[in-house]
Amino acid sequence: MKKIAVLTSGGDAPGMNAAVRAVVRTALYNGLEVMGVYRGYNGLINGDLEPMTLRSVSEIIHRGGTMLHTARSPEFRTEEGIMKAVETCRKNDIDGVVVIGGDGSFRGAQDLSRHGISCIGIPCTIDNDIACCDRTIGYDTAMNTAMELVDKLRDTAQSHDRCSVIEVMGRRAGYIALNVGIAVGAISILVPEIPYDVEKDVIDRILAAAQTGKQHFIVMVAEGVGGSTELAHHIEKQTGFETRATIFGHVQRGGRPTLCDRVLASRLGDEAVQLLLAGKSNRVVTVRNDQITDYDIEEALAMKKTLDTNLYRMAHEISL
Ligand code: ADP
């Protein structure tokens, strides 16, 4: 292994820059050359890459987004696209690629591995929907961003005795909704993993809490559940409380990564390069029970992540 490349792919997440920085610095420290690839797999297909130096990754550890830019690449999902990417690697003497992204990006890494390019994936997505790791890079920052936004919203909603229906990100996973819901004292949390009954789990809870004098309510909805505007109308009709829906959207993807995400990204970036140096390929590097470990990509993608139902029960018990 003499020369590697690093790319960021799929949805961006705060901490991607810290991971790129760690990959570049660990590679250079160990005598490897390292190329930065722009716009995910598109950069490999189009040859959009350049050599990285120690200074290429200065002043990025605290920045959200990704200096390498990211993209979704439909072309990479064709045999022709993969062959162009492999050709770029061969032409540039690239022996290994570190792919920073989510599960879709890891499928792409598998394809590259099959063509003889060593690949290591680093889990980086705000949704935390990758089962083999405790936390993905970006998740902690996204939760803190959403919590701060709710704190701001509640000041105004509380002053008006309103109910706020707040939709946070998480298409297939309710981790952000559950944890932010706990952190802001939501009366009800709706996630894609757990079935719910609007009358019993939302309306009845609001009415019961109102009887004890509560005058302001937060209902937390995961993106994968959706329907926040309709839910707000229904709550207003059934309870009489003025209710507004707020969908935070992509603002949760931005901002300065938290300390946890910067440290996690640094550890995983370093480990990804160590694995390439050890001759490994087709692996996902993760932190599990606070220990660095790695899994075969196929094995990692087959794992199912479940929501902590005890945490879900607790959240509803303490928020009436
Ligand atoms: P994420 O990595 O955040 O899950 P995507 O699912 O959009 O994001 O995947 C990012 C890119 O990875 C895609 O644009 C595509 O180039 C590649 N990719 C996704 N799924 C596959 C697949 N099944 N096989 C090969 N490449 C894939």
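The values are calculated or read from the model by the stated rules, or taken from the named source; none is laboratory data. The shown structure was predicted, so the numbers you read here are calculated from the model rather than taken from an experiment. We place every Cβ from the backbone using ideal geometry, glycine too, and count neighbours over all the protein chains shown. These accessible areas exclude ligands, DNA and RNA; they are computed on the full protein's heavy atoms, side chains included. Shrake-Rupley method; radii C 1.70, N 1.55, O 1.52, S 1.80 Å.
Among the candidates Leu112, Leu68, single out the residue that is part of a helix (DSSP H, G or I), assigned by TED's automatic domain parsing to the domain that holds Arg283 and under 19 Å from Ser9 (Cα atoms).
Being part of a helix (DSSP H, G or I), assigned by TED's automatic domain parsing to the domain that holds Arg283 and under 19 Å from Ser9 (Cα atoms) holds for just one of Leu112, Leu68, which is Leu112.
Once the stretch 112-148 is narrowed to residues that are in contact with a Phe, Trp or Tyr (Cβ under 8 Å, 6 or more places away or on another chain) and of a type in the set (Asp, Glu), the residue that is nearest to Thr286 (Cα to Cα) is Asp129. Restricting attention to the stretch 30-41, the residues being under 21 Å from the mean Cα position of the chain (by Cα) and either of a type outside the set (Ser, Thr, Tyr) or in a loop (DSSP other than H, G, I, E, B) (or both) number 4. Against the conditions (1) within 14 Å of the ligand (Cβ to nearest atom); (2) open to solvent by less than 10 Å² (accessible area, probe 1.4 Å); (3) over 25 Å from Val287 (Cα atoms), Thr8 satisfies every one except (3).
Of the candidates Thr125, Thr141, the single residue that is within 14 Å of the ligand (Cβ to nearest atom) and buried (at least 23 other Cβ atoms within 10 Å of the Cβ) is Thr125. Could you tell me whether any residue of the stretch 281-295 is closer than 29 Å to Ile166 by Cα and free of Cβ contacts under 8 Å to residues at least 40 places away in the same chain? Taking every residue of the stretch 281-295 in turn, none turns out to be closer than 29 Å to Ile166 by Cα and free of Cβ contacts under 8 Å to residues at least 40 places away in the same chain.
Scan the stretch 104-122 for residues that are away from the ligand (no atom under 12 Å from the Cβ) and of a type in the set (S, T, N, Q) and report the count. Residues meeting the conditions: 1. Annotation note: of Gly170, Gly101, Gly64, Gly81, the sole residue that is within 16 Å of the chain's Cα centre (by Cα) and within 12 Å of the ligand (Cβ to nearest atom) is Gly101. Would you please name the residue that is surrounded by the fewest Cβ atoms within 10 Å (Cβ to Cβ), looking only at residues in the stretch 144-156 that are in contact with a helix residue (DSSP H, G or I) (Cβ under 8 Å, 6 or more places away or on another chain) and not small (Gly, Ala, Ser)? Result: Asp151. Candidates Leu28, Leu54: the one that is surrounded by fewer than 17 Cβ atoms within 10 Å (Cβ to Cβ), of a type in the set (A, V, I, L, M, F, W, C) and more than 16 Å from the ligand (Cβ to nearest atom) is Leu54.
State yes or no: is Met1 modelled with pLDDT under 95, surrounded by fewer than 23 Cβ atoms within 10 Å (Cβ to Cβ) and either in contact with a helix residue (DSSP H, G or I) (Cβ under 7 Å, 6 or more places away or on another chain) or not hydroxyl-bearing (Ser, Thr, Tyr) (or both)? Here the answer is yes, as Met1 does meet what is asked. Pick from the stretch 91-102 the residues that are touching a helix residue (DSSP H, G or I) at 6+ places or on another chain (Cβ under 9 Å) and either assigned to a loop (DSSP other than H, G, I, E, B) or modelled with pLDDT under 95 (or both): which of them is surrounded by the fewest Cβ atoms within 10 Å (Cβ to Cβ)? Restricting to residues being touching a helix residue (DSSP H, G or I) at 6+ places or on another chain (Cβ under 9 Å) and either assigned to a loop (DSSP other than H, G, I, E, B) or modelled with pLDDT under 95 (or both), the top hit is Asp95.
Look at (1) out of contact with any Cys (no Cβ under 8 Å at 6 or more places or on another chain); (2) under 30 Å from Ala146 (Cβ atoms); (3) within 15 Å of the ligand (Cβ to nearest atom) and you find that Arg21 fails only one, number (3).
Conditions (1) surrounded by fewer than 14 Cβ atoms within 10 Å (Cβ to Cβ); (2) in a helix (DSSP H, G or I); (3) at pLDDT 95 or above; (4) touching a Pro at 6+ places or on another chain (Cβ under 7 Å), marked per residue:
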{"position": "Val263", "(1), (2), (3), (4)": "no, yes, yes, no"}
{"position": "Gly269", "(1), (2), (3), (4)": "no, yes, yes, no"}
{"position": "Lys280", "(1), (2), (3), (4)": "no, no, yes, no"}
{"position": "Thr293", "(1), (2), (3), (4)": "no, no, yes, no"}
{"position": "Lys304", "(1), (2), (3), (4)": "yes, no, no, no"}
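Just to be sure before I move on: is Glu59 in a loop (DSSP other than H, G, I, E, B) and acidic (Asp, Glu) in the structure I sent?
yes
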